[in-house]
Amino acid sequence: MSNYITNTAYPLIPRHPNYLLDSKIVSFHSEDRDPKKWPKPSHFEVTLPDELKNVQSIRLLDIYLRIKNSGNNLNQTHIYMEIENYNTIDELEPHPQNTNASHHNTYGGRKNSAFAVIPIKPKEQLEDNEVQLVQDTRNGSLANLSFYNPVIERIPKIKVTFRYHDGTPVDFSKDDQGNNYNLNFRLEFNMLRNQQQENMVINVPPGNFS
């Protein structure tokens, strides 16, 4: 009969999970897209240079846009930025049509419909009613940080869409040759990396090492 105790409520070796929060900043330009597959800069997909793993949060650091302040854009106050699969902002539907006959209420909304909402604040009035927009989290213009639980296992690519609240795609300005001006933005990806505790004892042999 064994004298060893095999049933215990406590592990023999206590586990202390340690994680390192690692950040990666990626810069995106509309010219990085394949124009044959994605002809408009308001909607495109790009593959990341390195696949990101165990992403805990994503933040929009800054963004540069140049839009035409005319037509459907005139009365708009915000631009909605979507990142497919990673949206966290809920949005009400404009002009809801769903009516509850019992209470005469109207309702319409979309869950996780956008990643960031960018206020239209002209920095500089340009020619032909064009507006240059520069937004930056460092000056308080943006507050777009999304957390994910559980963490995102892997992000190999990013697909973005720029639209207005009513769903109309953003009309970006064009140069004299009819090409869209380049838009760019930076995303910060915060990742959890497993980190083992480094409690090492190094035995130094006698000789030249001492």
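Every read-out reported here was derived from the displayed coordinates using simple, explicitly stated rules and does not represent laboratory data. Only a predicted model underlies this, so the values are computations on that prediction, with no experimental measurement involved. Cβ atoms come from the backbone with ideal geometry, glycine included; neighbour counts cover every protein chain shown.
Residue 51 sits among other residues whose Cβ lies under 13 Å from its own Cβ, and their net charge, with Lys and Arg +1 and Asp and Glu -1, is +2. Peptides 21-32, 183-194, 37-48 ranked from most to least packed give 183-194, 37-48, 21-32, packing being the mean of other C-beta atoms within 10 angstrom over each peptide's residues. Between the beta carbons of residue 117 and residue 18, assuming R0 = 35 Å, the FRET efficiency works out to 0.45 to the nearest 0.05. The peptide list 76-86, 166-176, put in order of mean Cβ contacts within 10 Å with the highest first, becomes 76-86, 166-176.
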